[in-house]
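Encoded as C-alpha cells, the structure appears first; notes follow it.
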C-alpha cells in the first residue's frame, strides 16, 4: 500500500496513506492487478490483508466482504470479530486471461461519512495481490 507506484493500481475507494503502510477504504473499492504466470490455465488466489478496528466492530458488528475478478464473483467471507484477517478466495482461470484484471470489492456495512469523519469507512487494507496456486 505504501509503494509510490501502487497508486495507479488503486482504482477507487482507497484513501491516502496513514501512519504506517495502510489505507482505509470505502465500502466499495477496486484494484487492477497483474495475474501471476500460468494463472490463465491454473487460476490463482487473491490475497487481501485487512484489518477491522475494534471501533468499527463496535458500530457495525459482523461484516461480509465480497469481490469479483474480471466480473466473475468470488466467494464472500464474513468477519465475526475485529483484528487482522486475510481474504483469500480462489480466482478462476477464465478471469485471468489478460495482462491485468480488475478486482472489485464490497462490504455489506460501512460507517457513513458524518460530522467527525468526513469519509465513509469500511476496513483497513495493508496489502493486496494475486498469488499462484
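Observations on the structure shown:
- Estimated FRET transfer efficiency when R0 is 22 angstrom, pair residue 131-residue 72 (beta carbons, to 0.05): 0.80
- Cα Rg over Rh - the chain, Kirkwood: 0.97
- Subtracting the Cα-Cα distance of residue 45 and residue 58 from 0.36 nm times their residue separation leaves 1.6 nm of extension gain.
- Mean ellipticity per residue at 222 nm, deg cm²/dmol - from DSSP H runs of n ≥ 4 across the chain, formula -39500 (n - 2.57): -1500 deg cm²/dmol
- Region 64-133 pair-distance distribution - Cα-Cα, 5 Å bins, rounded %: 3, 13, 23, 22, 17, 11, 7, 3, 1
- Cβ-based exposure ranking for 96, 17, in which fewest neighbours within 10 Å come first: 17, 96
- Per-pair calculated FRET efficiency, R0 = 25 Å: residue 37 and residue 15 via Cβ, rounded to 0.05: 0.20
Values quoted throughout were computed directly from the atomic coordinates according to the rules given, and no laboratory measurement underlies them. Note that the structure is a prediction, hence the values are computed from the model and not measured. With ideal geometry, Cβ positions are generated from the backbone for all residues, glycine too; neighbour counts draw on all protein chains shown.
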